[in-house]
Each structure stands twice: as structure tokens, then as C-alpha cells.
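Let me begin by presenting the structure, written as C-alpha cells, before commenting on it.
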Amino acid sequence: MREEAWKGRPSAYLIYMYSESEYEAAIKLLGSWNHWNKLCTLDKFMNGDKANSLWAGLRAWREEKEIKDRATMYSLLKMAAASGNVNAQKILFEKDKTGVRGRPSKAQVEKAAKDAAQHEEFVKGDLARLRLVANNGK
């Protein structure tokens, strides 16, 4: 389950990450989807071994693979847009739009106010520490 080959054995992690799907990885690793599903019922298989940091668990692998696949798709989309694919350009344009139309909800306003107050407290703390350093540095 290591992230690299070990003692001549292939890395299950690498096989999983470079498979097109979890099904393909299951077949490559175990030869059986049924056996894979049985392993998925085990807590140590899904969540990793707390005593052994070499195995993070299938949940962590799934999250990483999803991030990896999204990054790959985004790169392919950017290449298609650069080569003149209008649909890819539209998708990227829509993704870059930040705001939402209309008035912000009460919850959004409250969150923004809370974030601003928290940021202000951090800045005040930093300024106090900087002044302390400057005064002590004389």
C-alpha cells in the first residue's frame, strides 16, 4: 500500500492513481470487484492505519485522485481553449465568473462582516507585535 514500489512489489497507490477508474484499479490489484468491495468494509482499509503512516487509506486516495483528475481535465480544457475550441473557451469563461447576480443573502452579509472583523483583529495583533519589536529593538 506504499506510495512507491517496495522490495520488488508494485505500488498499489500508483496503480490506483494511474487507473482510469476505481473498477480498473480493483481488477488490476485484486482481480475481483467483489473482493475490492469486501475490503471497502474494513475500517483500516478505508481510513488508513493510525499506527503506520505509510497507509493513508482509500478515502484519502479517492480524494487525491479526484483532485488529480480535475487538474488533468482543467489542463486539457485550457489546451483545447488555446487551440481555438470555442466551447472550451466558454467553459473557462463561465468558470472565471466570480460573483452571483442579485443582492447577497443575510447569511452572506453576516459571514462577510464576521470575516472582516476577524481579519481586523489579526491585523491589530500583528501591528501590536511589530510595535513591540520596534520598541524593544532600540
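Bear in mind that the values in this text are calculations on the coordinates, not laboratory data. The model shown is predicted, which means the values in this text are computed figures rather than measured ones. Cβ atoms come from the backbone with ideal geometry, glycine included; neighbour counts cover every protein chain shown.
Once the Cβ-Cβ distance of Lys50 and Gln118 is raised to the sixth power relative to R0 = 35 Å, the FRET efficiency obtained is 0.60.
Of the peptides 44-50, 68-74, the ranking by mean beta-carbon count within 10 Å, highest at the top, reads 44-50, 68-74. Taking one quarter of the surface of the C-alpha convex hull of the chain gives a mean projected area of 17.8 nm².
Under the 0.36 nm per residue contour assumption, what length would be gained going from the current alpha-carbon distance of Ala82 and Arg2 to full extension?
25.0 nm
Among Leu54, Leu92, Leu127, determine the one that fluctuates most according to a GNM of the chain built with springs between C-alpha atoms less than 10 Å apart. Looking only at Leu54, Leu92, Leu127, the largest GNM fluctuation is found for Leu127. Around the Cα centre of the chain, unit charges on the Cβ atoms of Lys, Arg, Asp and Glu (plus for the first two, minus for the last two) sum to a dipole of about 360 debye. Placing unit charges on the Cβ atoms of the charged side chains and taking the dipole of the chain about its Cα centre, the candidate lying farthest along the positive direction among Gln108, Ala82, Leu42 is Gln108.
In a fully extended conformation the segment linking Arg59 and Ile91 would gain 8.6 nm over its present Cα-Cα distance, using 0.36 nm per residue.
Between Asn37 and Arg70, full extension at 0.36 nm per residue minus the direct alpha carbon distance yields a gain of 9.4 nm.
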